[in-house]
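The values are calculated or read from the model by the stated rules, or taken from the named source; none is laboratory data. In this text, all values refer to a predicted model and were calculated from it rather than measured experimentally. Cβ atoms come from the backbone with ideal geometry, glycine included; neighbour counts cover every protein chain shown. The protein model used for the area step is the full one, side chains on, heavy atoms only, and it has no ligands, DNA or RNA in it. Shrake-Rupley method; radii C 1.70, N 1.55, O 1.52, S 1.80 Å.
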Amino acid sequence: MSIPANLKYTKDHEWVSIEGDVATVGITHFAQKELGDIVYVEVETLDQTLDKDEVFGTVEAVKTVSDLFLPLTGEIIEFNESLESAPETVNSDPYGAGWMIKIKIANASEIDSLLSDEAYKELIGA
């Protein structure tokens, strides 16, 4: 199972890539595998500022709907609109083209609370 070392992770199975004060967020390979075939990604919080751990959207798979939790406090500045027509990209490329949102980080100190790749591997028993 792929768990890139250059990313940060959450206990809710989101991955975070940080460049300056912008974080790109998606769900992990483990999460998409557990969910199964993803048929819809909904994010209605674009241009809103949310707190860490608030729900920013949902991902719908054939067998379930799951909330998406914001890993860091900040403003959601971009949604990956290609997921509207091709949500299955989250299954085929969760760490690349399957990214979900970009956040303008409000509190950089929260980054320290994210999991390393090693801690995430431990969490999922990989």
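Some points to look at:
- Checked across segment 51-62, the condition of being open to solvent by 70 Å² or more (accessible area, probe 1.4 Å), closer than 15 Å to ALA23 by Cα, touching a residue at least 40 places away in the same chain (Cβ under 8 Å) and basic (Lys, Arg) holds for no residue.
- Leading residue by the ranking (nearest to VAL43 (Cα to Cα)) among those in segment 77-93 that are without any contact (Cβ under 8 Å) to a residue 12 or more places away in the chain and among the acidic types (Asp, Glu): GLU81
- Residues of segment 46-64 that turn out to be assigned to a loop (DSSP other than H, G, I, E, B) and under 14 Å from the mean Cα position of the chain (by Cα), as a count: 3
- Enumeration of residues in segment 91-111 that are assigned to a loop (DSSP other than H, G, I, E, B) and of a type outside the set (A, V, I, L, M, F, W, C): ASP93, PRO94, TYR95, GLY96, GLY98, ASN107
- Among the residues of segment 17-31, those that are in a strand (DSSP E or B) and among the hydrophobic types (A, V, I, L, M, F, W, C) comprise ILE18, VAL22, ALA23, VAL25, ILE27.
- Subset of segment 111-122 (residues that are of a type in the set (A, V, I, L, M, F, W, C) and exposed (fewer than 14 other Cβ atoms within 10 Å of the Cβ)): ALA119
Okay, residues lined up against (1) touching a residue at least 40 places away in the same chain (Cβ under 8 Å); (2) under 25 Å from ALA126 (Cα atoms); (3) out of contact with any helix residue (DSSP H, G or I) (no Cβ under 6 Å at 6 or more places or on another chain):
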site: TYR9; (1), (2), (3): yes, yes, no
site: VAL39; (1), (2), (3): yes, no, yes
site: GLN48; (1), (2), (3): no, no, yes
site: LEU68; (1), (2), (3): yes, yes, yes
site: GLU75; (1), (2), (3): no, no, yes
site: TYR95; (1), (2), (3): yes, yes, yes
site: SER109; (1), (2), (3): no, no, yes
site: ASP112; (1), (2), (3): no, yes, yes
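- Applying the condition of being in contact with a Leu (Cβ under 8 Å, 6 or more places away or on another chain) and among the small types (Gly, Ala, Ser) to segment 71-110 and asking which residue is surrounded by the fewest Cβ atoms within 10 Å (Cβ to Cβ) yields ALA106.
- Candidate set from segment 1-17 (those that are of a type in the set (A, V, I, L, M, F, W, C) and in contact with a His (Cβ under 8 Å, 6 or more places away or on another chain)); member that is least open to solvent (accessible area, probe 1.4 Å): ILE3
- The residues of segment 65-90 that are aliphatic (A, V, I, L, M), within 14 Å of the chain's Cα centre (by Cα) and in a loop (DSSP other than H, G, I, E, B), listed by number, are LEU70, LEU72.
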